[in-house]
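Following: one structure in structure tokens, then a few remarks.
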Amino acid sequence: MSKDTRTPADAPVFSVEGLWKVFGPKAERVPTDPEFASLSPAELRERTGCTAAVRDVGFDVRKGEVFVVMGLSGSGKSTLVRCLTRLIEPTAGTIAIDGEDVRAMDKARLRELRRHRAAMVFQHFGLLPHRTVLDNVAYGLEIQGVGRAERRERAAAFVAKVGLEGMEQRRPAQLSGGQRQRVGLARALAVDPEVLLFDEPFSALDPLIRRDMQEEVVRLHREEGRTMVFVTHDLSEALKLGDRIALMRDGRVVQLGTPEGIVGSPADDYVREFVRDVPREQVMTVRTAMRAATAEEAADGPALPPDATVSEAIEAVARTGSPARVMDGGRCLGVVDHDRLLRVVAGTGHRPEPGEKAA
Ligand SMILES: Nc1ncnc2c1ncn2[C@@H]1O[C@H](COP(=O)(O)OP(=O)(O)O)[C@@H](O)[C@H]1O
Ligand SMILES: [Mg+2]
């Protein structure tokens, strides 16, 4: 869809084009010089002393989605997400939030952007040790100039929302790691930003608490539909949380797609290697795995929605012994049978049958 015909409903929240962040001497010459721009990170460092942390990146963050930025340590994720609100100044490119040019914002407008529109949740939530849970959550509202009574009331609602009811008067030191993360989350939510930016907030947590917090984010997102940009180096976290994932390598986005798109159709060998050990049946949907149904198959058999996972389909097919129908509003879109499901698990993918239309 072209930009001019876009309706407000599907207009992006963030829109990023040609974004570069280069650290080092005379950084601004790197993006504009085709010779520098094509060098490998090591060559660039050797020739110029510069590190290109973000290299010619473009993407839209859509309203209401969880947009995940994933990549190994050092791939440029933090730099990228900090450029969005100019916590780091970009070297080149354009960034817009709701159509407004972020790079043209003055100090006051930037402050307003960071406080009200795109709030950052850091890995270390930076709770104030001498304040109670309630006052920590109210802190962001205090900065916004919300009056005491109102901010305490709003803070209490968010303390409850993240499951910390009854702990309002505790200090951070009297909480577990996971509970502290929840306080940080409540504080970010309380200021009601249009977008929440998370930079590896759960990396330091032990696996069980981490899973708890991931589920908390999924739940909050489901309930509130808030737009989120979530940075992680953890593939399973990315697949669990992301509506779409931008996979970064050496400052570039090497693939941008849904979890299913990235696992099912890796863009290159790097991505293929990255997703090699993912249990495909938990990510791939029956919409992708199905084939055309015969009239007989379309009439009978277990029914699944198009976004059911292959693993759910395996259960249904094993239970009933017959192919499962992929149903959308009473219409049978196709079926998945043993053969189809096994092919997904084996990673031999989807090959159109003779006479079948490619998706
Ligand atoms: N302030 C800085 N000065 C110089 N190089 C930096 C700076 N910040 C980050 N880098 C470099 O930029 C690259 C990307 O870093 P970063 O965005 O922190 O990656 P990630 O968050 O994916 O681990 C790394 O090579 C890092 O060393
Ligand atoms: Mg980082």
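Here is a list: Val218, Val183, Val191. Which entry is over 15 Å from the mean Cα position of the chain (by Cα), free of Cβ contacts under 8 Å to residues at least 60 places away in the same chain and under 28 Å from Thr85 (Cα atoms)?
Within the list Val218, Val183, Val191, the selection yields Val183.
Going by what's in this entry, would Glu297 be described as within 18 Å of the chain's Cα centre (by Cα), modelled with pLDDT under 95 and open to solvent by 10 Å² or more (accessible area, probe 1.4 Å)?
On the way: within 18 Å of the chain's Cα centre (by Cα): no; modelled with pLDDT under 95: yes; open to solvent by 10 Å² or more (accessible area, probe 1.4 Å): yes.
No: the conditions fail for Glu297.
Before we move on, is Pro201 within 16 Å of ligand 1 (Cβ to nearest atom), more than 12 Å from the chain's Cα centre (by Cα) and assigned by the TED database to the domain that holds Gly76?
Judged against the criteria, Pro201 is a match.
Give just the number: which of (1) more than 16 Å from ligand 2 (Cβ to nearest atom); (2) buried (at least 17 other Cβ atoms within 10 Å of the Cβ) does Glu28 not satisfy?
It fails just one condition, (2).
Looking at segment 221-251, which of its residues are within 16 Å of ligand 2 (Cβ to nearest atom) and of a type in the set (Lys, Arg)?
Passing the criteria: only Arg249.
I'd like to check which helices (runs of 4 or more DSSP H) are fully inside segment 221-295 and have at least 1 residues that are of a type outside the set (A, V, I, L, M), assigned by the TED database to the domain that holds Phe67 and closer than 21 Å to Val336 by Cβ.
259-264
Name the residue that is nearest to ligand 2 (Cβ to nearest atom), counting only residues in segment 32-78 that are closer than 17 Å to Gly257 by Cα and of a type in the set (D, E, K, R).
Lys77
Sort out which residues of segment 194-220 are more than 16 Å from ligand 2 (Cβ to nearest atom), in a strand (DSSP E or B) and closer than 19 Å to Gly126 by Cα, and write them in order of number.
Within segment 194-220, Leu196 is the sole residue that qualifies.
The values are calculated or read from the model by the stated rules, or taken from the named source; none is laboratory data. Predicted model, so just to flag it, every value in this text is computed and none were measured. Using ideal geometry, Cβ is built from the backbone for each residue, glycine included, and neighbour counts are taken over all protein chains shown. What goes into the accessible areas is simple: the full protein's heavy atoms, side chains included, and nothing from ligands, DNA or RNA. Shrake-Rupley method; radii C 1.70, N 1.55, O 1.52, S 1.80 Å.
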